[in-house]
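Every number here is computed from the coordinates shown, using simple stated rules; none is lab data. Computed from a prediction, not measured in an experiment: that's the story for all the values here. Cβ sites come from the backbone with ideal geometry, for glycine too, and all protein chains shown count toward neighbours.
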Amino acid sequence: MAANFWTSSHSKQLLDPEDVDVVPAKDRERGVTPVEFRLVKIHMSFHIWRLAQQVKVRQRVIATAITYFRRVYTRKSMTEYDPRLVAPACLYLASKVEESTVQARLLVFYIKKMCGSDDKYRFEIKDILEMEMKLLEALDYYLVVYHPYRPLLQLLQDAGITDLTQFAWGLVNDTYKMDLILIYPPYMIALACIYIASVLKDKDTTSWFEELRVDMNIVKNISMEILDFYDTYKIDPQRGLQEDKIIPVMNKLPSKA
Amino acid sequence: MGDGRGGGSNRPAWLQQYELVGKIGEGTYGLVFLARLKPTHPQAAGRRGSPIAIKKFKQSKEGDGVSPTAIREIMLLREINHENVVKLVNVHINHADMSLYLAFDYAEHDLYEVIRHHREKLNLSINQYTVKSLLWQLLNGLNYLHSNWIIHRDLKPSNILVMGEGEEHGIIKIADFGLARIYQAPLKPLSDNGVVVTIWYRAPELLLGAKHYTSAVDMWAVGCIFAELLTLKPLFQGVEAKATPNPFQLDQLDKIFKVLGHPTVEKWPTLANLPCWQNDQQHIQGHKYENTGLHTIVHLPQKGPAFDLLSRMLEYDPRKRITAAQALEHEYFRMDPLPGRNALVPSQPGEKIVTYPVRPVDTSTDFEGTTSLQPTQPPSGNGPPGGQPVPRQIPRQMQQPMGGMQRMPPGANMGAFGAAPQAGMVGMNPGNIPMQRGAGGQSHPHQLRRKADQGMGMQNPGYPQQKRRF
């Protein structure tokens, strides 16, 4: 399993693109549109990211947490599973799975620090622990997740373009603002990031890609999705979505506060 | 899997599908129960009254949520599937008290009890066929784990279950994955989360403070278990120095060196880099150990294949130690008696069939762990033969070395019953990765190298010469 993506639960759970972005019925009733549904997921991915910077966990833990977060909302509604709580609980669970456990009280502390003015984001330790159990159920206890990072490094090495590492790595990070990890095998996402990086940095990788014998249509489709994403959202990588864009959407979702 | 609805209630709905028989084990993580699926439950179809072992995890500490041990066990067992590995059949959550339950197919025996029965009750060694079959199946399960980059880290007789009468009679199931981990790209040095492996089965590189150990630590443990199956006594019974953060265990090393001789840098080049060897605060380097000879302890001819295999498992240098895949190909398994699927029942006519005692059940404890006042009794029709006193659990635990990680053996008391596919599906996936060269998707740099030496074991279709045994 660890050796082999193809026999893993991750591989078996890959979804068709059209099955990923379906707004759950309960959220639709509250007037959440597909565009808004996506916005919340982007916004909360940033939230997880920022929280992770505070508690200092590795990239891999963040990536696993966001993958859990996105997986949950292919099955559960935001109305029933408050994303403001699901997000830190995903980070909490991912930190255990990736063997760098972050204490729940630390998360609670930093959430307060980050979102002090907004009570809707504040939770107690107990809330996180309860949500951790609900997450385990919602994820059907499948916890192993593969990421594009390792194949990325290996492929860059193989292509002899390790000077693109930093740029391509950043692209991979940004793919977690999207649902790609639920749809494509991680190495295909890595290839798409290499493809974009080499085009933008004027590296000729055509023959290298040809030799790989991968389906270039898929690689190009993923690349287009990534570029579309940048075009559509023009997100400030530090600050995330603009408040006036996201607050009205978040207000459609119930909160315990 | 799972159905944790029932928040607020103390008897969650999922509990209704089981009939509790009683408690069969206890550890720091929680309790283990024996239960049966009620025939009315949909999952019970075709497996009427199947015995299930339910491991209940307590909250590890106030404010820490689900114990990382439970998370690790769920994470690994949810991905793996092999005839010689316990089968996780369900996970349940009781939201009311935040407890977590793992349900496994139940195994009636384990190697600890099998060995003990021979030593204390029969006063008779385990027959060759059974030893060989147990060892082969253990290696087969371990080969599957290792080729999937999982190190068990806590192999010992009580963690190796053997199925009782039924479809899978005499089949080994490796259990207790609470310490197991994936060793591909570790986030932290493996040694960071505490010293592992019960001290008697702990590999010398661990005892000398190796930071990045490998699957070879499991093979050392298998060697110790092999010897124990032969002699009915633990091979290296060191006394653990407790309450030390230092992995160094002088007495255990002393026991090993006395049998296998003094390790040398010539035989084990990386020895010089191991922290505890370098510091050598106990002056082990200067001590001269005579090689008393492993063969005299295990009573095996030095030139025979059994001894050859055992000494390759107990090779000091972890890089030279035999791998599970290599061991499965060893001559020992190609000689009479050949290993078979039912390790407990030899097929040769005239061989005496040993009846092993069933696991004692404490029927006075309920799922909450509350003990009722009624006297302990064996479950009806399931009592141990010979009227053995029933709860042997406590003395048994006390005999067990606890290792540095405060664990109890009965994690142990889990078993699998479902028919799992054979090793064929494991590991590599040629043909599946649509890339012909370079980094095949997710592979680790070391993986490419290992592919070659694991290839054979991987394709092992099952037991050698199956026809004779099945």
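Taking 0.36 nm per residue of separation and subtracting the current Cα-Cα distance, fully stretching the chain between A:Arg30 and A:Asn251 would add 78.5 nm. Distance between the modelled labels on B:Arg119 and A:Tyr230, one decimal in nanometres: 6.6 nm (7 Å Cα→Cβ projection). Here the spin labels are modelled as points 7 Å beyond Cα on the Cα-Cβ line, and at A:Arg50 and B:Thr244 they lie 5.0 nm apart.
Between the amide H of B:Gly25 and those of B:Val32, distances stay under 5 Å, these residues lying 5 or more places away or on another chain, with hydrogens modeled in the peptide plane.
Size descriptors for the stretch A:1-103, from the alpha-carbon set: Rg then Dmax equal 14.4, 43 Å. In the frame of its principal axes, the stretch A:149-233 has Cα extents of 31, 24, 22 Å, reported largest first. For B:Gln237 and A:Arg105, a Förster radius of 51 Å and the Cβ-Cβ distance give a FRET efficiency of 0.75, rounded to the nearest 0.05.
A simple spin-label model places pseudo-atoms 7 Å from Cα toward Cβ; at B:Lys38 and A:Gln157 they are separated by 5.6 nm. Straight-distance candidates among the lysines for linking to B:Lys352, with alpha-carbon spacing under 20 Å and chain neighbours fewer than 8 residues away dropped: B:Lys121, B:Lys132.
Taking 15 Å as the cut-off, the amide N atoms of the stretch A:45-76 that come nearer than this to a point 7 Å along the Cα-to-beta-carbon line of A:Val22 belong to A:71-76.
Across the stretch A:148-185, the residues whose backbone nitrogen lies under 20 Å from the label position 7 Å along the beta-carbon direction of A:Asp202 are A:160-168. Hey, quick one: spin label on B:Lys267, modelled 7 Å out along Cα-Cβ, who in the stretch B:213-242 has an amide N within reach, i.e. under 20 Å? Residues passing the 20 Å test: B:214, B:216-228, B:235-238.
Highest mean first, how do A:113-124, B:325-336, A:42-53 rank when packing is the count of other Cβ atoms within 10 Å averaged over residues? Write down the numbers at each step before the final one.
Working: A:113-124: 14.3, B:325-336: 17.5, A:42-53: 21.0.
Result, highest mean first: A:42-53, B:325-336, A:113-124.
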